[in-house]
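The values are calculated or read from the model by the stated rules, or taken from the named source; none is laboratory data. This one's a predicted model, so the numbers in the text were calculated from it and none came from an experiment. Every residue, glycine among them, receives a Cβ derived from its backbone with ideal geometry; neighbour counts consider all protein chains shown. These accessible areas exclude ligands, DNA and RNA; they are computed on the full protein's heavy atoms, side chains included. Shrake-Rupley method; radii C 1.70, N 1.55, O 1.52, S 1.80 Å.
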Amino acid sequence: MLVYKTEEEIEFMRASAKVLAQAHGEVASMIREGITTRELDQRAEEFIRDHGGAPSFKGYNGFEYSLCISPNAVVVHGFPSDYTLKSGDVVSVDCGVLLNGYHADSAYTYPIGEVAPEVLQLLEETKKSLYLGIEQAVAGNRMGDVSYAIQNHVEKQGYGVVRELVGHGIGRKLHERPDVPNYGKRGSGLKLQTGLTLAIEPMVNLGTKNVVQEKDGWTIRTKDFKPSAHFEHTVVVRKDKAEILTSFEYIEKALQ
């Protein structure tokens, strides 16, 4: 069942998305060589709770953390730990906030210190593909238009688009219908309508598209151990232009 949101519900999601964007900014201000991923997780949870929200991920299907923190070859669902960030790493930080009964979800991938140029390019092109996908999330288009825009861009760069993991609907539940694949055919799939809220999230690998799940049952990494990038926004399908509820504004300010 698809759940289309009223304007009142979208306002609740907008409030969640603002706290989420600010929490990402807090994390961004701390990210540096020498910090542990556990420290980032603790600060994010503290900030979210101080602002009246709850971390969407904590307790979800038994997940024990507020952030998914995924360095280097880890695509998504990495556990915060005593791993210390070092120069040359890239690290995806994925976070969700539940506030007033509604979720928002977003992710950003950071370079740490001196990162190889081809890996920096992966991050740049993956982020670009997110916005190309969002451009297609307008009423009257098909889901395949969103998916194709992402896939077409990143595969032109020679990257692998993960198939096993996709974006999703979002609202009262963290994961709602429909799925939002990062690969597909133009003109195919669900016809998009105003009020549908989506988490669009390209997961793109420097090498093969193939991934494996680690024995912990959560961590997904690239099969060839090459780096991966992940960027995500929560958006609303609108008539002429998708509305992005989440923001990277606080991240970008912190990184200046």
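Quick notes on this structure:
- Of all the residues in region 147-161, those that are without any contact (Cβ under 8 Å) to a residue 24 or more places away in the chain and part of a helix (DSSP H, G or I) number 4.
- Complete set of residues in region 204-222 that are assigned to a loop (DSSP other than H, G, I, E, B), open to solvent by 60 Å² or more (accessible area, probe 1.4 Å) and over 22 Å from ASN152 (Cα atoms): GLU214, LYS215, ASP216
- The residues on offer are SER188, SER147, and the sole one that is exposed (fewer than 15 other Cβ atoms within 10 Å of the Cβ), under 23 Å from MET1 (Cβ atoms), at pLDDT 95 or above and of a type in the set (Ser, Thr, Tyr) is SER188.
- For region 64-95, residues that are open to solvent by 40 Å² or more (accessible area, probe 1.4 Å) and either of a type in the set (Ser, Thr, Tyr) or in contact with a Cys (Cβ under 7 Å, 6 or more places away or on another chain) (or both) total 5.
- Those residues of region 27-46 which are of a type in the set (Gly, Ala, Ser), assigned to a helix (DSSP H, G or I) and surrounded by fewer than 15 Cβ atoms within 10 Å (Cβ to Cβ), in sequence order: SER29
- Test: residue in region 135-143 that is among the hydrophobic types (A, V, I, L, M, F, W, C), out of contact with any Leu (no Cβ under 7 Å at 6 or more places or on another chain) and either without any contact (Cβ under 8 Å) to a residue 60 or more places away in the chain or part of a loop (DSSP other than H, G, I, E, B) (or both): no
- Evaluated against (1) at pLDDT below 95; (2) within 24 Å of SER16 (Cβ to Cβ), GLN256 falls short on exactly one condition, (2).
- Check on GLN121, open to solvent by 60 Å² or more (accessible area, probe 1.4 Å) and in contact with an Asp or Glu (Cβ under 7 Å, 6 or more places away or on another chain): no
- The single residue among LEU122, LEU85 that is among the hydrophobic types (A, V, I, L, M, F, W, C) and without any contact (Cβ under 8 Å) to a residue 60 or more places away in the chain turns out to be LEU85.
- Search result, residues across region 162-178 that are surrounded by 16 or more Cβ atoms within 10 Å (Cβ to Cβ) and part of a strand (DSSP E or B): GLY167, HIS168, GLY169, GLU176, PRO178
- Residues in region 223-254 that are under 12 Å from the mean Cα position of the chain (by Cα), within 21 Å of GLY140 (Cβ to Cβ) and surrounded by fewer than 22 Cβ atoms within 10 Å (Cβ to Cβ): none.
- All told, ALA139 falls short of being small (Gly, Ala, Ser), crowded, with 18+ Cβ neighbours inside 10 Å and modelled with pLDDT of 95 or more.
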